[in-house]
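Q: Please find one structure pasted underneath; my questions will follow.
Laboratory data are not the source of any read-out in this text; all were calculated from the coordinates shown. Since we're looking at a predicted model, the values are computed, not measured. Here the Cβ positions follow ideal geometry from the backbone for every residue, glycine too, while neighbour counts run over all protein chains shown.
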Amino acid sequence: MSGKLVGGYTCGPEEGEAVWLQGGLCFIKASSEQTGDQFCLSEQLMPRGMSTPVHIQPDEDEMFYVLDGQMTFYLDGDLLPGAKGTLVCIPRGAAHGFRVESETARFLVLNTPSGHERWFRAAGEPAGSLELPTEPHDVEKAAAASEAFGYTVVGPFPDEPAPAG
């Protein structure tokens, strides 16, 4: 099946495999199994202050599209503002991360080739509801998943604010 979209399907609002991930809610909208290993698409809802460490994914390109809210992205030393409608493309091997600046942010993440949903599952846990989790996320579990998937953590997300724009 590799290399070919596996049938047609739809995935409506609040549908998809729901995972509590890094303090937020992640819906896996299109997985490796559904896309013939071509890509992974997720919709994520994250709370204010949630940030990823700066990290490198050596074998995946990653794209973020901000649906609602305000984010700051880090890409190879630059801080980039991400308001509603912003697309940020991260080439494989680039040091990157993000932080949520608004009360919440809702965004799409497209990874190619597929497989990133496996990290979501390993780093998070099945969502017990379609609400943001109330318990803190397990930082060590996420770090172990990153190591297992060959991602390199470079350091924490920078504290300085993003440039206006």
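Q: Run the quick spin-label model on residue 87 and residue 33: label points 7 Å from Cα toward the beta carbon, then report their separation in nm to one decimal.
A: Here the answer is 3.0 nm between the modelled labels.
Q: Now for a different question. Considering the chain as a Gaussian network with a 10 Å cut-off on Cα pairs, which listed residue, 34, 70, 44, attains the greatest mean-square fluctuation?
A: Evaluated over the chain, the most mobile residue of the options is 34.
Q: Between 0 and 90 degrees, rounded to the nearest ten: what's the tilt of helix 139-148 against the longest Cα principal axis of the chain?
A: 60 degrees
Q: Can you check how the C-alpha radius of gyration of segment 67-165 compares to 2.2 N^0.38 Å, as a plain ratio?
A: Here the answer is 1.14, to two decimals.
Q: Provide the gained length on full extension for the span residue 118 to residue 14, in nm with one decimal, where the gain is 0.36 nm per separating residue minus the Cα-Cα distance.
A: Numbers: separation 104, 0.36 × 104 = 37.44 nm, distance 1.95 nm.
Difference between extended and current length: 35.5 nm.
Q: What shape does segment 17-129 take by its C-alpha gyration tensor, where a ≥ b ≥ c are the square roots of the eigenvalues and a/c under 1.5 counts as rounded, a/b above b/c as prolate, and the rest as oblate? Present the calculation step by step, with values, prior to reporting the outcome.
A: Numbers: a/c = 1.63, a/b = 1.14, b/c = 1.43.
Oblate shape, in that a/c is at least 1.5 and b/c is the bigger or equal ratio.
Q: Filter the GluC sites (Glu not before Pro) in segment 102-139 to those in DSSP coil with at most 13 other Cβ atoms within 10 Å of their Cβ, and list the result.
A: Details: sites: 103, 117, 131; in loops: 103, 131.
Sparse-neighbourhood loop GluC sites (Glu not before Pro): 103, 131.
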